[in-house]
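Chemist: Before I ask anything, here is the structure I am working with.
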Amino acid sequence: MKLVDSKAKLPDTDKVTINLGLVDLAQMDLLVEEGFYTNRTDFVRTAIRNQLQQHQDAIRQTVVRKRFVMGMQRYARDELERVAAAGEQLEIHVLGLATIDDDVSPELARRAIASLRVLGAFLAPAAVKAALADRIHTS
């Protein structure tokens, strides 16, 4: 999970570094040179999208089984206040982006959120992240 400062602009992309064998790299460069791809990044993005598409059923089944919300999930103060007032706590599972609004206090976050697992990015005020540190699951 990528922890993002609430004041920072969320990037559209994130950097991934990979090590490739020389033959694989040379073949990739050949395809770029021949015009199949505009550059190495285009090749890698296309390969990743193809693999994600190939495994779409497994992804979908895992999302359902582990109760993930896909995409962006925003947690506002009024929603968290309702949860806490009912004596309940949320178990948040997000595949994408989870945000907690800037007006949510650390105390409210602790009362309303039992656990937080985000595969992607988590955007919240620093004090809220600190208050939830023992409830954030990264693996």
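Read-outs: derived from the displayed coordinates by stated rules, not from any lab. Computed from a prediction, not measured in an experiment: that's the story for all the values here. Note that we place each Cβ from the backbone using ideal geometry, even for glycine, and neighbour counts take in every protein chain shown.
Chemist: If you take the residues in region 54-95 that are of a type in the set (V, I, T) and within 19 Å of E107 (Cβ to Cβ), which one is surrounded by the most Cβ atoms within 10 Å (Cβ to Cβ)?
Modeler: Restricting to residues being of a type in the set (V, I, T) and within 19 Å of E107 (Cβ to Cβ), the top hit is I92.
Chemist: For F43, indicate whether it is free of Cβ contacts under 8 Å to residues at least 24 places away in the same chain and not in a helix (DSSP H, G or I).
Modeler: Numbers: free of Cβ contacts under 8 Å to residues at least 24 places away in the same chain: yes; not in a helix (DSSP H, G or I): no.
When the stated conditions are applied, F43 does not pass them.
Chemist: Being part of a helix (DSSP H, G or I), within 12 Å of L80 (Cβ to Cβ) and of a type in the set (D, E, K, R) is the filter here, so list the residues in region 92-137 that pass it.
Modeler: E107, R110, R111
Chemist: Kindly indicate the residue of region 96-116 that is within 27 Å of T13 (Cα to Cα) and surrounded by fewer than 17 Cβ atoms within 10 Å (Cβ to Cβ) and also nearest to the chain's Cα centre (by Cα) among those meeting that condition.
Modeler: G96
Chemist: Which ones in region 117-139 are touching a helix residue (DSSP H, G or I) at 6+ places or on another chain (Cβ under 6 Å) and crowded, with 17+ Cβ neighbours inside 10 Å?
Modeler: V128, A131, L132
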